1. Quick one: compute a quarter of the convex hull surface over the Cα atoms of the stretch 169-245 and quote it in nm².
2. Hey, how many Å between the Cα centroid of the stretch 110-134 and the Cα centroid of the stretch 17-33?
3. For the chain, modelled as a GNM with alpha-carbon contacts under 10 angstrom, which of 193, 159, 132 fluctuates the most?
4. From the phi of every residue in the stretch 27-36, what ³J(HN,Hα) in whole Hz does the Karplus formula 6.51 cos²θ - 1.76 cosθ + 1.60 yield, where θ is phi - 60° and glycine or proline is x?
5. Note down the nm distance, to one decimal, between modelled labels 7 Å out along Cα→Cβ at residue 170 and at residue 215.
6. At 37 °C and 0.692 mPa s, grab the translational diffusion coefficient of the stretch 9-135 from Stokes-Einstein with a Kirkwood Rh over Cα pairs, rounded to a whole number in µm² per second.
7. Give the dimensionless ratio obtained when the Cα radius of gyration of the stretch 138-206 is divided by 2.2 N^0.38 Å.
8. On full extension of the chain, what length is gained from residue 3 through residue 90, given 0.36 nm per residue of separation minus the C-alpha to C-alpha distance?
Amino acid sequence: MLKNFKLYVEEDYSTMSQRAAEVFANAVKDDPMGAYGFATGSTPIGMYEALIKLQNNGKADLRKITAFNLDEYYPIQPDDPQSYYYFMRQNLFDAISLSPENTHIPNGAALDPIAECKVYDEKIASAGGINMQVLGIGTNGHIGFNEPAENLPATTAYMPLTESTIADNARNFASPDEVPRNSLTMGMHSIMMAKRILFLASGENKAEILQNAFNGPITTMVPASFLQLHHDVTIVVDKAAAKLL
Ligand code: PGA
């Protein structure tokens, strides 16, 4: 493991989620009005539940943060239950009383997706950059919707999804045909400029890609491998995901 990585290997999903919530809550304690980056997917749900509990018990206060999400499907309406906008309101934002003005997610219903990317980067810049970015990882090594490819985008970009991500995400849709084929995603520069990264992974199906991302060469074919170049990455995983590290 590189020295810029702080690694926590927890027993299971529940203790992993608790640990990640504590790391996140401590960052918010230091900068309660800062901008924080969030991720969707099944991995961070437990951490979001733990954060809600911490706030309800008076041990954390997330009400003044500004939130930026990594990505969104395109095209999708914000009120579609499959949208990441909907996911974040359901799984975190409503429960911590974060007002819509303080939550930002690329607009999957924007008429001009490329213009929307530019607007999104400007919003992150005007919030002073991201203090801590929460990340999961796809089984193909993607972070956000930066999919393995010869080239990766630097700033927020309108990107097609790979077949492997469509297949992975189809579990949340009635059929694979319903998964949107494109996305709006923060680019690699946007992610790498976050002051701190909080990286989460759980389960044996992530073990091999974690090994490639953190101990393998840095390559655009494993976008998460670029985290080896970030100076402050906290990796919180369960034993099953850490198996090959
Ligand atoms: P998951 O997705 O948390 O549902 O495994 C992670 C990701 O695709 O980034």
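The values are calculated or read from the model by the stated rules, or taken from the named source; none is laboratory data. In this text, all values refer to a predicted model and were calculated from it rather than measured experimentally. Using ideal geometry, Cβ is built from the backbone for each residue, glycine included, and neighbour counts are taken over all protein chains shown. Note: areas computed on protein heavy atoms with side chains; ligands, DNA, RNA excluded. Shrake-Rupley method; radii C 1.70, N 1.55, O 1.52, S 1.80 Å.
1. 6.2 nm²
2. That distance is 23 Å.
3. Maximum fluctuation in the GNM of the chain, among the listed residues, is at 193.
4. These are the phi-based 3J(HN,Hα) values: 5, 5, 4, 6, 8, x, 10, x, 9, 10 Hz.
5. 3.2 nm
6. Result for D is 219 µm²/s.
7. After normalising by residue count via 2.2 N^0.38 Å, the value is 1.18.
8. 27.7 nm is the gain from fully extending residue 3 to residue 90.
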